[in-house]
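Trainee: Handing you a structure now.
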Amino acid sequence: MKEFVQNYFSYTGAEIRQEGDVWIVDLDEELEKVFSQKQLRLVFDPQAVTEDTELVTHGSFVLNAMYAYMQSRGNKAVSRLKEKHKPNREDIAEAVRIENGLCSDIKIKKIHTADVLFNFKISFLSDEKTEEMYHLGIDRQGVVFDAQSYYTDAVMGQDLEPLTQLGGTDLTRKDIEIYFRECLKAASAKAQNHAKSLQNDILKRLHRNITRIKGYYTAQIEELHRNQLTYEEKRLAFEREYTHKLQEEIHKHQLKIVIKLINFHVIERSDYEVTVTLVNKQTREEQEIKMIYDPFTCHLDPGLCPSCQALMETIVVTTDNAIACKRCSYHCVRCRKRFGDLPHAYTCSVCGDYLCPDCVTICSGCRKPVCEKHSDLCDVGNEMNCTECLKVCTVCGKRLCQDHTFYCTATRQPICYEHRIICRHCRRIYSTAFVENIEKNGLICPNCNHSIK
């Protein structure tokens, strides 16, 4: 709230100085009529209130007068944002960040546009009342943004030229209505999120009050004497009164959100449409991409990524001459080509390297994608397997897939088909190396105690 009050009086041109807990605001002639005094002495702590100070809190005289003044000052203001810098091709070429491509030609065209700023007062009504101010803006592309992050107090005070009417843009009343609905949706979503944080405190207060009311009426009923003729009548009366009070308390603690438009501000501005011709480093193919240069912030906006629809910080030219952002592009570890559809890329299950659909190998054992470095053929059946699924015969060293791997019952070591021996009684499998070790003991199977052969 302190920040809002400070921004409000700073924007209106009033002088603010602080003496301890008191803010002293010297008002001009226009604000003097609003507050009916030449000077305001404001405090934000109830304990600091004196006879000559005004407490600033939700619903106080000062805040209501501020809201009323903002609304009476005009539902619509029109201004023009000053242009700080005119771009040239060298500036653009330096600002464009490209991977796997070159910038061969740049065309610059000045365009007139406008931002519309909406100031909303949001009231959160329950057993207590709180209020917030939301300042939202929307550009001609329909993108809603935090107005105070771009149009700061310094910008609003120094870099705007007041206009009597729109001049360089074709913004219509219908456009403003559409923009208002979009900003209202954003303000509503923002208010709903804030309401969630308020709801916990409201429920705590409701629980305390319900506990107090329940305790009171329980005590009243317990004090009644059961042998009295009017006992049942009085008990029912207390229960009805308790139910009524309970419903009143629940209704009083229901949170309501009221959104009110204070005013809106149309700001004309100039942008530059930049058309850049990109050359693919690998294929030498050319294509054009349009960007927007902001002459006020000197920021070049390359637009949204065609794949993820997020803002592109770096433009990536893919091997197939498509455009993607760095988050959506990848290099295939095998063919080294650049692709722009990361969600459809394969990832090696062993090392995590990216693979394109043409270079991926699917392990015949676990059915997971694997790269060339971490896959090999089975020496028996020629199936391609990942290194996690391939086993090595402990006798001859052959690489084996899951279908051609056997395990010695005694040692649990992998063996191939040629180096297995099956007990003719219990059909357990043993490796030839294990059988050779127990041959001196009569080739007795450890499982069934019969001769293996």
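The values are calculated or read from the model by the stated rules, or taken from the named source; none is laboratory data. Bear in mind the structure is a predicted one, so any value in this text is a computation, not a measurement. Here Cβ is always computed from backbone atoms with ideal geometry, including for glycine, and neighbour counts include all displayed protein chains.
Trainee: Tell me yes or no: at least one residue of the stretch 150-160 is over 17 Å from F296 (Cα atoms) and either out of contact with any Asp or Glu (no Cβ under 9 Å at 6 or more places or on another chain) or touching a residue at least 60 places away in the same chain (Cβ under 8 Å) (or both). Write out each step before concluding.
Mentor: Initially, the stretch 150-160 is screened for residues over 17 Å from F296 (Cα atoms), giving none.
No: the stretch 150-160 contains no residue that is over 17 Å from F296 (Cα atoms) and either out of contact with any Asp or Glu (no Cβ under 9 Å at 6 or more places or on another chain) or touching a residue at least 60 places away in the same chain (Cβ under 8 Å) (or both).
Trainee: Among the numbered criteria (1) without any contact (Cβ under 8 Å) to a residue 60 or more places away in the chain; (2) buried (at least 19 other Cβ atoms within 10 Å of the Cβ); (3) within 30 Å of L81 (Cβ to Cβ), which single criterion is violated by E288?
Mentor: Checking E288 against (1) without any contact (Cβ under 8 Å) to a residue 60 or more places away in the chain; (2) buried (at least 19 other Cβ atoms within 10 Å of the Cβ); (3) within 30 Å of L81 (Cβ to Cβ), the one that fails is (2).
Trainee: Shifting gears a bit: What are the pairs with Cβ atoms under 8 angstrom where one residue, in the stretch 415-437, is surrounded by 14 or more Cβ atoms within 10 Å (Cβ to Cβ) and the other, located anywhere, is in a helix (DSSP H, G or I) and at pLDDT below 90? Sequence gap at least six, or different chains.
Mentor: Matching pairs, first to second residue: I415/T432; H419/T432; H419/A433; R420/T432; I421/T432; I421/V435.
Trainee: Let me ask something additional. Tell me which residues, restricted to the stretch 316-329, are closer than 16 Å to G352 by Cα and over 23 Å from the mean Cα position of the chain (by Cα).
Mentor: Matches in the stretch 316-329: none.
Trainee: Might you let me know whether the stretch 110-132 holds any residue that is among the β-branched types (V, I, T), at pLDDT 85 or above and under 30 Å from Y330 (Cα atoms)?
Mentor: No: zero hits.
Trainee: With respect to G381, is the statement that it is over 30 Å from L160 (Cα atoms) and either assigned by TED's automatic domain parsing to the domain that holds E418 or modelled with pLDDT under 90 (or both) true?
Mentor: On the way: over 30 Å from L160 (Cα atoms): yes; either assigned by TED's automatic domain parsing to the domain that holds E418 or modelled with pLDDT under 90 (or both): yes.
Yes, satisfied.
Trainee: Give the residue, chosen from D403, D376, that is part of a helix (DSSP H, G or I) and either outside the structural domain of C448 (by TED's automatic domain parsing) or not basic (K, R) (or both). Before you say what the answer is, go through the steps one by one.
Mentor: Details: D376 fails: part of a helix (DSSP H, G or I).
So the residue among D403, D376 that is part of a helix (DSSP H, G or I) and either outside the structural domain of C448 (by TED's automatic domain parsing) or not basic (K, R) (or both) is D403.
Trainee: Among the strands (runs of 3 or more DSSP E) contained in the stretch 263-361, which hold 1 or more residues that are more than 30 Å from C183 (Cβ to Cβ)? Don't jump to the end; show me each part of the working.
Mentor: Details: elements: 286-294, 299-301, 315-317, 323-325.
Qualifying strands (runs of 3 or more DSSP E): 286-294, 315-317, 323-325.
Trainee: Give all pairs with beta carbons closer than 6 Å in which a residue from the stretch 29-51 that is assigned by TED's automatic domain parsing to the domain that holds Q6 meets a residue that is assigned to a helix (DSSP H, G or I) and among the hydroxyl-bearing types (S, T, Y); count only pairs at least 6 apart in sequence or on separate chains.
Mentor: Sorted first by the residue in the stretch 29-51, then by its partner, the pairs are V34/Y69.
Trainee: If Q254 satisfies all but one of (1) surrounded by fewer than 17 Cβ atoms within 10 Å (Cβ to Cβ); (2) under 28 Å from D320 (Cβ atoms), what's the number of the condition it fails?
Mentor: So the condition that Q254 fails would be (2).
Trainee: Just checking, does the stretch 87-100 include any residue being at pLDDT 85 or above, among the basic types (K, R), outside any helix (DSSP H, G or I) and in contact with a strand residue (DSSP E or B) (Cβ under 7 Å, 6 or more places away or on another chain)?
Mentor: Yes; the residues of the stretch 87-100 include at least one that is at pLDDT 85 or above, among the basic types (K, R), outside any helix (DSSP H, G or I) and in contact with a strand residue (DSSP E or B) (Cβ under 7 Å, 6 or more places away or on another chain).
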